[in-house]
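Asker: Take this structure, written in C-alpha cells, and hold onto it; I'll ask about it next.
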Amino acid sequence: LFCQKNPLRQEETCKMTKTHQQTLLNQLREVTGTTDVQLLQQALQVSNGDLAEAVAFLTEKNAKVPQQDEATYYQTAQITNDRYISVGSQADTNVIDLTGDDKDDLQRAIALSLEESNRAFRETGITDEEQAISRVLEASIAENKASLKRTHTEVWSDSPNPHDRKRQDNCPVGLKNVGNTCWFSAVIQSLFNLLEFQRLVLHYSPPARMQDLPRNQKEHRNLPFMQELRHLFSLLVGSKRKYVDPSSAVEILKDAFKSSESQQQDVSEFTHKLLDWLEDAFQIKAEEDREGEKPKNPMVDLFYGRFLAVGVLEGKKFENTEMFGQYPLQVNGFKDLHECLEAAMIEGEIESLHSAENSAKSGQEHWFTELPPVLTFELSRFEFNQTLGRPEKIHNKLEFPSMLYMDRYMDRNRDITRIKREEIRRLKEHLTVLQQRLERYLSYGSGPKRFPLADVLQYAMEFASSKPVCTSPVEDINTTAPPGGTTAQLPAQQQQRVSIHKPFTQSRVPPDLPMHPAPRHITEEELRVLEGCLHRWRSEVENDTRDLQASISRIHRTIELMYSDKSMMQVPYRLHAVLVHEGQANAGHYWAYIFDPHQQRWMKYNDISVTKSSWEELVRDSFGGYRNASAYCLMYIDDKKPFLIEEEFDKETGQMLSGLDKLPPDLKEYVEADNKLFEREMEEWDALQVRKLQQEKLALAAATSQHDPEYMEQQSPTGDSKHLQEDTERAISKAAAEHDEKSPEALKVEYTRLLRLAQEDTPPERDYRLQHVIVYFIHNQAPKKIVERTLLTQFADRNLGFDERCKSIMKVARAKLELIMPDEVNMEEYEMWHQDYRKFRDATVFLLIGLELFLKKSYVEALMYLIYAYQYNKELLAKGPYRGHDEELIAHYRRECLLKLNEHAAVLFETGEEIEVNTGLSIMNELVVACIPLLLVDEMEEKDMVAVEDMRNRWCSYLGQEMEPNLQEKLTDFLPKLLDCSTEIKSFHDPPKLPSYSTLELCERYGQVVTSLTPSRTPADGR
C-alpha cells in the first residue's frame, strides 16, 4: 500500500530489499566459506530468511559433502589495506576454537557472529559495511590528530616554506593523507579524473527546500558530504597548492557512523559505499527537479549496468535481469582478465542450459544486456585460509589489456559466443592431449630423473662412438710402490694419495683420463647398425617434437584470435585507472595509475605525490608477481563515449574551459578565497625571509668592519687561529728571505702555496680543502676578487707577530682592503661563498662523527649525523661537483646504518619480550621509518630502493607466522607506517650540535676515519 501511494519511493524500497538480501548472502558466504551462490540462495529460501537456520542448513550440508578446496575465497568485507590499517586487532578476544571437529563450536561461533551483526543493525539501522567504514575513518582521524601532537624531538616535519607546497604550472593536485586514508585518495583521484563525473559533482546544486531537510539519516549525511566533495573537487581543479587536505570530507564520513573500534577499509567497499551515497544525493535532487515523473539518476546511468542470469536450478530453467555496479572477479587460478571474466560468467554445470531436456544439474550463465559507461572490476586478491583462520593475499600475476573488448560477454552475442566457447573448449582438449604427448618426449624415462628423449639418444650415440677401451676403469691406475723403498717407509698420507681429477680446482683434465665412458668391445658392423638406428630415431624424435610444438603454437594462436574478428570488437572499453595495493592481507598501501588522454600518458597518484609514469611501470606494479604490489581494482570506460573524458568548452567563444573557469560561481569564490589564503601565507613567508636577510646583512656589515669570517678569526694564538697565523708568518718570512723586507711578496708566496695544494693529487684521506678556504675556492673556481679579498683578510689580522715585517705586511693588506671599492666585490656573493665553506666544514664534521660512531657500532647515534651529512652535502653538490664530499660514500653508510638498525629492531621484535619489542618498534618508528622517504625520494638510486624493499620484506615476512595476539596487534599497527610509499618533502628540525674542531684536529681525525674504511667504500677523488 505504501509503494502504491508513493510510486517515487517504490524503486528505493525495492532497492533496499535487494540490498538487504545481498547483505544476508554476503554474511552467509563469509561465515560459512561457501561460494556457491545457488546454494546460498537455497539456504535462505529454506530458512525463510533466518540466518541462524540458513547457517545450520549449510553446515549440515557441508558436513555430508567433503570440501573440494581447503582454502575458500574471502569474498565479502575483504581485507583492505590502506597505508596499513590494522585489521582484526580484536580478533583474538572471545575466541571459540574451531580447529576441532566439534560442529557445535562452529554453530556457536556463527550464531554469535550473526547475533552481533543483527543486533547492531536493529539498534542503529547501520550495516556492518557502514560500521567498517566508520571504524577506519575514526582510526584515520585519530592518527591525524595524534600526528599534530608530535613532540619536538621528532626529526621530520612538513616543509615550513609554502613555496615547496606550491603547485607547478598545471600539474595535477595531490591529496594529503590525513591518517590511513590512501584508499580515499586513490578512489577520489580516479573518479575526479573522469571529467563527466567531475562535472556532475561540481555542478551539483543542493535541493532548494533545504529547510525541510534532512528527512532521514541518509539525507543528513549525504548532503553535507556532497557539499564537501564539491569543495574538494573545486580545489583539485583550481588550487594553487601542490596538494590539498581532504579532512573536511573525511570528517563527515567519520561522523556518519559512531564506533570506537578500528578496522581496515577496502577500496572496493569504500567505492561501492561512496557511489551509493552519491546516488542517494542525486536522487534527492532528481526527485525535486522532476516531480511526478520517474527521476533519472546520473550516478546510476554512469556506473550501473545490467546482466541477464540464465540458468537451471534443480532441473528448472530460469531467466532474470539483475543490476550491477562493481563487478567482482576471482584472481586465483587465472592468467589474464578474460579468463577471470569467462569464469565469472559461468557458474556450476551448464550443459543442461543448451540441451532440450531438463536435468537435475544446476548452473547459470551471465550475459550483459547493458554495460555502464564506467565499468569497474574488483579483483579479489584475498583468500581466506580456513586452516590458519585468516585471510592471505594472492600475489599471482594477472595480466589485463589497455583496451578491453566486451562483445563476447554481451547477450546479443550469446549464440556466437557459445559456439566460440565450444570451439575453444574442443581446442583446449586437443591442446591438453598434444601437451601430454610433448611432455613424454621432453621428460623421458621411468625413474625419478627424466631427460629429453632426443638427448638420451644423442648420449647413447656418443657412448657407442667413443673409442673402445680394453681395460677396467680401475685397472690402469698405478698402485705400485715407488722406487727405492717400500710403502711402509712412506708417510701415511702419501700412501693414501691417489691422482684424482678435481673439476673445480684443476685447470685441465689429466691426459690419461678418457673424456667419456666407452664400450669395451664393439665391432664396426655393430657400430654402423647402432649409429644408423640411433641417428634415425633421433631425427624422428626431433621431427615429432617440432611437429607437436608447432601444433601447440597454432592452437594457442587460434584461441588468441578467436574473438579478433571485427564483429566481436564493437564494444571497446579503454583502461582509465588502476588502483594498486602493496602489502599483505593484514596491512597495505594504495595508490592509483590514471591515464591522461590529453597528454597521452599515465600518471601515478600516490597521496600528495603526482608524477609522470608509463605503461611499463604500471605493468610492473599492477600485474602482480613482482614484490608485494598488484592491481586491486580496474576502471574501464566506454571508448565510444568520449564525453566521459572530454573537456568543457565555452558555448560563446568555443574556447576550452580550464582552471577556475570550469567552476560554478560559488565554488570559484571558494577556491579564490583559499588561493588568497595561500598567497598570503607565501607573502608572509617572503616578508619573513626579507627581514632575516636584512638582519643578516646588518650583522655581516658589522662583522666585515670588525671581524673576519669565523674560521679566519685571529683573536688568540690557539687552534685554527694559531695554525693560520703560523702559515701567514711563514709566508712573510719566506718572502723576506727572497725579496725586500718591505715588499708585499708574502701575499704571492702564500697564494702560490695554496694553489700548489689545490693542484696536488692526494689520497682520499688527505683533503686539502679542509686546510684552507682558498683551496676550496680554487677547486670551485670562485671569482678572483673573492679569493683576493679572502687572502688580504688573512694578512690583515691584528694578531700577527709584532716584528716590523709582520706589521708592514699587515698595513699593506689593510690598505689594499680599503682600496677595494664596494662595486668591485659583491659582499652578498662573498658571504655566500664563505657560508658554503662553513657548510662544507659542518658536513665534514657530521660525516666524521657519523663514521666514527658507525665503526663503533653505535648505529642509533650515527644515523642522525650521517643523515645530516648527506643532506648538507647534497645541497653543496647541487652548486658544483667539488663543493662537497663523495655522495656515494655517504649514501652507502647512511643506507648501511638503516639496515643495521632494521636488523637490530627485528631481532628485538622476535624475542617477544615486551620491553625488547617496544624498543625495537621505537627504533623503527623514530629512526628507520622517518628516514625511508629520504631513500625513496630519488628513485634513480637503485641500491636505496633495494634496501627499503629488504627492510619492508623483513617485517612483512612476520605476517605469515604464528605469534601472540599482542604482537600481532603491534605489528599491524606498525606496518602502515613502514609501507607508506609517500615521498612527501620533509625538512629538518635543528641538527645535532657540532663540537668545535681546529683545522689540524679536523684534518687528522678525518684522515684517520677515512683510512679505517674498507677499500671498496673509500671516497672518490674530490677534484
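The values are calculated or read from the model by the stated rules, or taken from the named source; none is laboratory data. Since we're looking at a predicted model, the values are computed, not measured. Reconstructed Cβ throughout: ideal geometry from the backbone, glycine too, with neighbour counts over all protein chains shown. Heads up: the accessible areas ignore ligands, DNA and RNA and are worked out on the full protein's heavy atoms, side chains in. Shrake-Rupley method; radii C 1.70, N 1.55, O 1.52, S 1.80 Å.
Asker: Under 5 Å between amide hydrogens, which residues at least 5 positions from Glu392 or on another chain qualify, with H placed 1.01 Å from N in the peptide plane?
Answerer: Those lying under 5 Å, H to H, from Glu392 are Glu383, Phe384, Asn385.
Asker: Still on this model: From the phi angles alone, apply the Karplus equation (6.51, -1.76, 1.60; θ = phi - 60°) to the stretch 225-238 and give each ³J(HN,Hα) in whole Hz, x where the residue is Gly or Pro.
Answerer: Rounded to whole hertz, the list is 4, 4, 5, 5, 5, 4, 4, 5, 5, 5, 5, 5, 7, x.
Asker: Moving on. Ignoring everything but the protein chains, give the 1.4 Å probe accessible area of Val610 in square angstrom, nearest 10.
Answerer: 30
Asker: Report the full-extension gain for the segment Lys316 to Glu683: residue separation times 0.36 nm, less the Cα-Cα distance, to one decimal in nm.
Answerer: The span from Lys316 to Glu683 would gain 124.6 nm if fully extended.
Asker: Evaluate the distance, in nm, between pseudo-label points positioned 7 Å from the Cα of Lys692 and of Glu524 along their respective Cα→Cβ axes.
Answerer: The modelled label-to-label distance comes out at 9.9 nm.
Asker: Right, next: Of Thr1011, Thr432, which has the most accessible area and how do the rest follow, probe 1.4 Å?
Answerer: I get Thr1011, Thr432, largest accessible area first.
Asker: Kindly flag which residue pairs out of Lys604/Lys640; Lys176/Lys335; Lys785/Lys879 have an alpha-carbon separation exceeding 30 Å in this structure.
Answerer: Listed pairs above 30 Å: Lys176/Lys335.
Asker: Report the net charge of residues surrounding Glu647, where surrounding means a beta-carbon distance below 13 angstrom and charges are Lys +1, Arg +1, Asp -1, Glu -1. Spell out each step's value before the answer.
Answerer: Numbers: positive: Arg199, Lys662; negative: Glu196, Asp596, Glu646, Glu648, Asp650, Asp661.
Summing Lys and Arg as +1 and Asp and Glu as -1 gives -4.
Asker: Right, something else. Around Cys633, which amide H atoms from residues at least 5 apart in sequence, or from another chain, sit under 5 Å from its own amide H, with H modelled in the peptide plane?
Answerer: Those lying under 5 Å, H to H, from Cys633 are Leu379, Leu579.
Asker: State which entries of Lys242/Lys839; Lys748/Lys839; Lys296/Lys566; Lys612/Lys857 exceed 32 angstrom in Cα-Cα distance in the structure shown.
Answerer: Beyond 32 Å: Lys296/Lys566; Lys612/Lys857.
Asker: Right, something else. Send over a whole-number figure in Å² for the accessible area per residue of the stretch 577-635, probe 1.4 Å. Numbers along the way, then the final one.
Answerer: Details: 1730 Å² over 59 residues.
In whole numbers, the stretch 577-635 has 29 Å² accessible per residue.
Asker: Sticking with this structure for a sec: Round to the nearest 10 and report in Å² the accessible area of Arg536, as given by a 1.4 Å probe over the protein chains' heavy atoms.
Answerer: Arg536 exposes around 110 Å² with every protein chain in place.
Asker: Turning to a different aspect of this structure: Between Asp544 and Gln436, 0.36 nm times their residue separation minus their Cα-Cα distance comes to what? Mind showing how you got there, number by number?
Answerer: Numbers: separation 108, 0.36 × 108 = 38.88 nm, distance 1.32 nm.
Length difference between fully extended and current span is 37.6 nm.
Asker: If you don't mind, another one. Mind ranking Phe318, Phe192 by accessible surface for me, highest first, 1.4 Å probe?
Answerer: Phe318, Phe192
Asker: Which value results for Rg/Rh of the stretch 384-443 when Rg is the Cα radius of gyration and Rh the Kirkwood radius based on the inverse mean 1/r?
Answerer: Here Rg/Rh amounts to 1.17.
Asker: Please list Glu683, Glu646 in order of solvent-accessible area, largest first, computed with a 1.4 Å probe with all protein chains present.
Answerer: Per-residue accessible area, sorted high to low, gives Glu683, Glu646.
Asker: Quick check for me: using +1 on Lys/Arg Cβ and -1 on Asp/Glu Cβ, what's the dipole size of the stretch 609-684 about its Cα centre, in debye to the nearest 20?
Answerer: Value, rounded to 20: 540 debye.
Asker: Scattering from the C-alpha atoms of the stretch 414-454 alone, worked out with Debye: what is log10 I(q)/I(0) at q = 0.28 1/Å?
Answerer: Reported log10 I(q)/I(0), two decimals: -0.86.
Asker: Would the stretch 875-951 count as rounded, prolate or oblate if I go by the C-alpha gyration tensor, calling it rounded below 1.5 in a/c and otherwise prolate when a/b exceeds b/c, oblate otherwise?
Answerer: On the way: a/c = 3.03, a/b = 2.62, b/c = 1.15.
It is prolate, given that a/c is not under 1.5 and a/b is the larger ratio.
Asker: What FRET efficiency, computed as 1/(1 + (r/R0)^6) with R0 = 51 Å and r the Cβ-Cβ distance, is obtained for Glu875 and His598, rounded to the nearest 0.05? Can you show the working numbers first?
Answerer: Working: r = 37 Å, r/R0 = 0.72.
After rounding, the FRET efficiency stands at 0.90.
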